[in-house]
Structure formats: structure tokens, C-alpha cells
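Report on the structure given below.
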Amino acid sequence: MPGPSPGGSPEREAGAGGRPRGPGGGRRVRFRLPHTAIAVPSVREEERLFYRRLEALAAPGPGGFGPLFAADGWSDLTGERPRAAPGRVGPRASRDGSQSRPRPAEDRLLRKRVVRDGQGGPRPRPGQEVSVKVLGALEDGGLVERDPRLTFVPGHGDVVQALELGVPTMQPGEVSFFLAAFPYGYGRPGREPDVPPEAPLLFEVTLLEVRDGPDPQPLPPAARLRLGSQRRERGNFHFARGDFAAALHSYRLALRALDGPAAAPPGPQEEEELREQRVKCLNNCAAAELKLERAGEALAACEAVLRISPDNGRALLRRGQLLAQQGRDAEAELDLRRALELDPASKVIHAELSRLVKHRSPPACADPQEPRQGPTPTPSPGAPAPPAAEGEA
């Protein structure tokens, strides 16, 4: 038998007359490496196993995922109680029109059920990167998530909250179900076109690998823009849910992606898009800081915006309001007047500027044309001045 060709190239079987057959002419390929069989279930087999486990949970069914939110055998990953229960859980109208009592107080918004124990290794620590296999289904059994190897760092806001909070509770090799009400899935609006609004989801997750988080790698401008936008949108999701600390964390991660090491210098259009994304993230940081009642940090975020974009109306308005709160009225008035020049029709700016001007004005005298009870045309010394306005953000 001839020896292997240099570089491990496959050998060609000679045809009639000793000449090698041309491409596609019945050629057989022989590799000199030993055969290795890797048992990897096919996609269809994985889905069959998933649905078999799903059926064992008595879902999908007439009650959807509703009964699972109150079923035994699950651990609860959040302490929240739903106002109106997820899925179909909650008060139900009976045939006579009356409503039954709500389900018990142990209902939760994010639940876990171990399908297969892990290998005993340590759970992911903050900052570590994980790789998981994910399948996810709706109440009707429709498969809306299928990823054989999803890699992310928990806490970076790159995946839905069910995975952000659930995967750190797992051990390598573990397989678990995560039952998520819509706040921990795709939120109130859902995800077009496959996840309806307010849809609960059931995820089957396998933790494949845990490793130390990678050092930031140089990314091309398009990848930096995509990652920054993704994390900013995740922050907006948290903000809409009222989780302002998580929103702020996502906005800061977005800025880190936008300002991270570059694999290539951006072109003029990409540079402008990066600038616009930074401005959006910083303005959102200011809004989140205000919700967290941290005025100093909010003011710093506004000033960072204005260093990039001096005529950003939103940052000018917000900084003017914050400066007015600090009693720096002259500086506040400059910001508000500039904001009004940029947006003359803004009722909010008009109102803020009017309050500031009244606050700075001395006690006003009464209008001399106004009818008075007494003969004296001037107000008494004790006449109250217009109330000072509080800056509101």
C-alpha cells in the first residue's frame, strides 16, 4: 500500500489504465487517520428528547405552563410574586361568572427543575464565561430557541434574564429546565415574529463549559457597534421593567464595547455611528442614575454627553435641571436657554426655564391694573413671593 501523501492529503484511486479519475468520476477517498466515532445526537433526536421531557411535565396542555408555576419539584430563583400570574396562572372565571381565588403565594416568575445532575464541578463565578446548549419552547410547544453552543458572560446582559440568573446556579454537565414568566423572557412586547407578547417560556439548558472570562479582543467597528447596540437594548429592557441598577450595568457594558480595542480604524460613517451610540448610552446612564437618586453621577453622565455632542438637547435640559437643583441658577439658565434654541417648541424646556426665572426673580409686585380693595396701589410688605421651583429630572 502506498504511504501517506505529504501533508496528510487524501490518496486518489487510479482508474483504468492507471490514470487518476477526474473530479466526480467515481473517486474514492482514503484517509490515513484512524476512524473516531463521536456520539452526537442529531437535531431531530435532541428535539424528540426535549419534547419527551416536556410531555413528562404535563405540558403543553390545556393549562399551558400555568400549572407548572405552582407545581412541586421546582426551585424558585426569584422572590417576586406575580401581580397577575404568568401564563394562565391567576384568578379564573368560573362558569357562573365568579372568579376563583388566586393560586397560592408560592407562585414565582422564574423556576428551575434539574433534569440531570452535573459532574460536581464548581458553578460559574462572576466574570467567568459559559457555554450552554439551549432549547426553548412556548406554551403550545412551538420551538423558538435552538442553540447548540451559546457562549456568554453572565451579568453582561447579552441573553434573556432566565439564562442570566439561571445558568450561574448550574454545575458543568447539568441539564435543567427553567420556567420563565415574560419578565424573564422577552418581556411584555415579546420578540417578533416568533414570541408573542407576554409569553412565558420553558428553556432546557445544558451547561457545557465554564472558563475564565476572556480578555477583551480587538473587534472591527461593525462588531463593536452591534455589541454596543445589543447591550444598550438589554439596558432599555431592564429600564422598562424598573430594574434601574441592571439597566445602568448594561449601559456601562455597552460603552465598554463601543470604546474597546479596535481591530481596524473605523471609517467616517462608522465613526459617526460610534459617536451616536456613545451619546445614547451616556444619556441613558444619566436617566438610570436619576432613577437611582444619584444626582452627582447623573450630572457627570450629562457632561460626558456634552463633551462629545455640545448641542445635545436632552443632555442640556437634564444638566440644566440638575444645576438648578444645586442652586447654580446662572449656569442652569444658560443650559436651558440653549436647549430652547435647539427645540423652541418644547413645553418641558419652557416650563423649566419659567420656573427658574421665577425662582431667580425678586418678589413681584402686584399688577397695578388689578382691582384692589384698598386705596394703596402697592402690596403690603408681607406679600408672598412666587414659590421657588424644584428642579425635576
**Study point:** Normalised contact order of region 127-258, rounded percent, pairs of Cα under 8 Å and 6 or more residues apart
**Key:** 26
Exercise for review: In whole Hz, with x marking every Gly and Pro, tabulate ³J(HN,Hα) for region 131-140 from phi via Karplus 6.51 cos²θ - 1.76 cosθ + 1.60, θ = phi - 60°.
Suggested key: 10, 10, 9, 10, 10, x, 9, 7, 4, 7
Point to revise | Diffusion coefficient, µm² s⁻¹, Stokes-Einstein with Kirkwood Rh over alpha-carbon pairs of region 122-238 at 4 °C and 1.567 mPa s | key: 87
Exercise for review: Would you compute the Debye intensity of region 215-369 from its alpha-carbon atoms alone, equal scatterers and no solvent, and pass along log10 I(q)/I(0) at q = 0.13, 0.17, 0.21 Å⁻¹ to two decimals?
Suggested key: -0.67, -0.99, -1.25
Practice item. Note down, for region 115-172, the three equivalent ellipsoid semi-axes (square root of 5 times each alpha carbon gyration tensor eigenvalue), biggest first, whole angstrom. Key: 21, 15, 10
Review point. With every protein chain present, what accessible area does Asp158 have (1.4 Å probe, heavy atoms only), rounded to the nearest 10 Å²?
Key: 40
Practice item. Starting with the highest mean, order 262-274, 160-172 by the number of other Cβ atoms within 10 Å, averaged over the residues of each peptide. Key: 160-172, 262-274
Exercise for review: Find the percent of Cα-Cα distances in region 308-357 that exceed 19 Å, and round it to a whole number.
Suggested key: 13
Check your understanding: In terms of modelled amide H atoms, which long-range or inter-chain residues lie less than 5 Å from the amide H of Val144?
Key -> Gly136, Ala137, Leu138
Review point. Of the peptides 325-335, 230-240, how do they stack up when ordered by the mean number of other Cβ atoms within 10 Å, highest first?
Key: 230-240, 325-335
**Study point:** Highest-first arrangement of 137-143, 314-320, where packing means the average Cβ count within 10 Å
**Key:** 314-320, 137-143
Point to revise | Total formal charge among the other residues, if their Cβ is under 14 angstrom from that of Tyr251, Lys/Arg +1 and Asp/Glu -1 | key: +3
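The values are calculated or read from the model by the stated rules, or taken from the named source; none is laboratory data. Values in this document were obtained by computation on a predicted structure and should not be read as measured data. As a convention, Cβ positions derive from the backbone with ideal geometry for all residues, glycine included, and neighbour counts pool all protein chains shown. Accessible surface areas use protein heavy atoms only, side chains included; no ligands, DNA or RNA. Shrake-Rupley method; radii C 1.70, N 1.55, O 1.52, S 1.80 Å.
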